[in-house]
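The values are calculated or read from the model by the stated rules, or taken from the named source; none is laboratory data. As the structure is a computational prediction, the values presented were derived from the model and not from experiment. Cβ atoms come from the backbone with ideal geometry, glycine included; neighbour counts cover every protein chain shown. What goes into the accessible areas is simple: the full protein's heavy atoms, side chains included, and nothing from ligands, DNA or RNA. Shrake-Rupley method; radii C 1.70, N 1.55, O 1.52, S 1.80 Å.
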Amino acid sequence: MELQLTKEEEEFRHEARSWLRAQLNGPFKDIRGRGASGDQDTYVEERIAWGKAMGAAGWNCIGWPKEHGGRGCTIKEEAVFNEEYVRANGPGNVGHIGQTLLGPTLIHFGSAKQQKRFLPAIVAGDEIWCQGYSEPGAGSDLANVQTKARLVGDQWIIEGQKIWTSGAQYSDWCFVLCRTDSDAPKHRGISYILVPMKQVGIEVRPIKQMGGSAEFAEVFFDGAKADQDHVVGGVNNGWKVAMGTLSFERGASTLGQQYLFQQEFEQVVAVARRTGAANDPVFRQRLAQAAIGLKIMRVNALRMLEHQGADLSREALISKLYWSNWHRDLGKLAMDLLGPEAELLDGLPYELTRMQKWYLFARADTIYAGSNQIQRNIIGERGLGLPKEPR
Ligand SMILES: Cc1cc2nc3c(=O)[nH]c(=O)nc-3n(C[C@H](O)[C@H](O)[C@H](O)COP(=O)(O)OP(=O)(O)OC[C@H]3O[C@@H](n4cnc5c(N)ncnc54)[C@H](O)[C@@H]3O)c2cc1C
């Protein structure tokens with residue numbers, strides 16, 4: 001099951017593969033495969049340097065239009081690149097929030113001045129972004145954000161708290177959803193403001209997770225400042241922009257993800273062989289189910305990529321729910337196969353193996369970017385046309 005590629009697309013694959021191999025077997029060999037799920041807070045400086053090298057060689061934001069610093073690649077080429085990236089064991093991309101969420105948002109909703117100020121630094125890997133949406137009382141119910149911004153002179157003054165902000169501790173900027181009109185209906189009084197992170201009015205408190213890493217953080221705004229001009233899409237129009245940001249994940253990462261899952265699956269099979277569990281009929285059945293799930297995800301991803309433009313909204317709707325549950329279950333299978341060994345630390349005081357880390361982090365897959373329950377609501381309402389849930 002492969003993507004059908006033209007001669008030019010094959011050449012593109014070859015170019016990407018050669019560059020990635022040379023770099024990841026050369027100057028960046030120490031960070032190969034580092035910074036993946038559950039391992040995100042390791043080698044951050046080195047991975048930022050890697051992002052800059054990618055930018056200098058023209059491999060960041062390849063799907064963006066050329067006038068904004070991209071290569072104007074098709075979604076198929078992006079998918080090919082992502083597949084090669086994982087094949088070469090590329091490290092977790094520190095700049096991904098700027099590259100996949102904020103950048104496309106600015107291209108779509110930003111002013112020319114905002115595009116000129118922010119896009120080149122994202123492409124170059126020079127500025128790292130984080131996403132300030134969730135709050136203690138606003139996760140699935142995002143329109144409930146309570147962080148407030150008021151205009152004083154030519155600056156926004158921001159007060160409030162965000163939570164679960166991935167990478168906040170090493171980000172230069174954050175796109176923050178703020179309430180700018182408390183009297184307006186919930187969805188109408190929100191603005192999307194670009195806020196510099198390195199300032200006195202912001203305190204970042206990393207949250208240590210059960211896997212031992214601190215991938216996300218609480219962010220406190222206490223008189224933080226942002227330029228008046230740094231509102232995207234207009235004051236009180238932030239809900240539309242925020243929803244736009246969430247829709248920009250175009251599915252190009254799916255093949256890369258498939259490949260990563262394939263690698264993890266192979267590691268799980270290796271454990272089954274080593275421990276002898278591969279001969280146990282119940283474990284064999286679970287391994288077979290995992291292999292089938294992998295194939296289903298690949299077929300679904302290829303269908304979405306090969307038929308861009310066709311109405312494949314149902315395929316897209318089931319994708320997140322399917323892969324996140326599959327991944328969580330694979331982690332559980334890995335731990336069951338390991339048996340008592342699953343509870344042994346890799347080192348003191350709390351050093352986990354890579355497999356233990358992704359097992360624990362996979363629990364988060366069913367929460368971020370829309371929890372399982374929210375995904376089911378979306379499938380029911382948008383995919384199946386069921387009545388909307390009462391609000
Ligand atoms: C690893 C990770 C990284 C994250 N990174 C970021 C980030 O960078 N920036 C950011 O802003 N946020 C981030 N988040 C936050 C994430 O978006 C929220 O956790 C998610 O939206 C769920 O919100 P919540 O945690 O407040 O849970 P809640 O919304 O309080 O949900 C609690 C439970 O209730 C269920 N539930 C809620 N509403 C409904 C409903 N209407 N119908 C049925 N069930 C419902 C949910 O499914 C869940 O099981 C991250 C989360 C994780 C786990």
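Side notes on the structure shown:
- Relative contact order [Cα under 8 Å, 6+ residues apart], the chain, whole percent: 15
- Highest-first arrangement of 180-189, 81-90, 296-305, where packing means the average Cβ count within 10 Å: 81-90, 296-305, 180-189
- The chain: angle of helix 75-87 to the longest principal axis, Cα-based, in degrees nearest 10: 60
- Sequence-separation-based contact order of region 1-154, relative, with Cα cut under 8 Å and 6+ spacing, percent: 23
- Surrounding net charge for ASP126, when Lys and Arg each add one and Asp and Glu each subtract one, Cβ distance under 13 Å: 0
- Rg/Rh (Cα only; Kirkwood hydrodynamic radius) as it applies to region 128-187: 0.98
- Under 26 Å from LYS29, Cα to Cα: lysines that are on another chain or at least 8 residues apart: LYS52, LYS357
- Label-to-label distance for ILE378 and GLU15 is 3.3 nm, based on points extended 7 Å past Cα in the beta-carbon direction.
- For LYS208, LYS240, LYS162, LYS148, the ranking by accessible surface with the largest value first comes to LYS208, LYS240, LYS148, LYS162, using a 1.4 Å probe.
- Once you reduce region 7-64 and region 157-207 to the center of their Cα atoms, the two points are 30 Å from each other.
- Computed Rg/Rh of region 205-279, alpha carbon atoms with Kirkwood Rh: 1.22
- Filter on LYS116/LYS225; LYS76/LYS116; LYS162/LYS388; LYS208/LYS295 - keep pairs with C-alpha separation over 23 Å: LYS76/LYS116; LYS162/LYS388; LYS208/LYS295
- In region 235-382, one over the average inverse separation of all distinct C-alpha pairs is 17.2 Å, which is the Kirkwood hydrodynamic radius.
- Cα convex hull, region 146-258: 129 Å³ per residue, rounded to a whole number.
- Toward the positive end of the charge dipole of region 14-142, with +1 on the Cβ of Lys and Arg and -1 on the Cβ of Asp and Glu, the farthest Cα among GLY90, ALA49, ALA16 is that of ALA16.
- Shape summary: region 1-160 maps onto an equivalent ellipsoid whose semi-axes, from the alpha-carbon gyration tensor, are 32, 19, 16 Å in decreasing order.
- The residues neighbouring GLU11, those whose beta-carbon lies less than 13 Å from its own, together hold a net charge of -3 under the Lys/Arg +1, Asp/Glu -1 convention.
- Largest-first ellipsoid semi-axes for the chain, taking √(5λ) over the Cα gyration tensor eigenvalues, angstrom: 35, 25, 23
- Each listed q (0.13 Å⁻¹) maps to a log10 I(q)/I(0) for region 44-103 from the Debye sum over equal C-alpha point scatterers, namely -0.32.
- Assuming charge only on the beta carbon of Lys and Arg (+1) and of Asp and Glu (-1), the dipole of region 46-185 about its Cα centre is about 240 debye to the nearest 20.
- The portion of the accessible surface of the chain made up by carbon and sulfur, rounded to a whole percent, is 53 (1.4 Å probe; DNA, RNA and ligands excluded).
- Average accessible surface area per residue within region 70-185, 1.4 Å rolling probe, Å²: 38
- Value in Å of the Kirkwood radius, where region 81-182 supplies the Cα pairs that are averaged: 15.3
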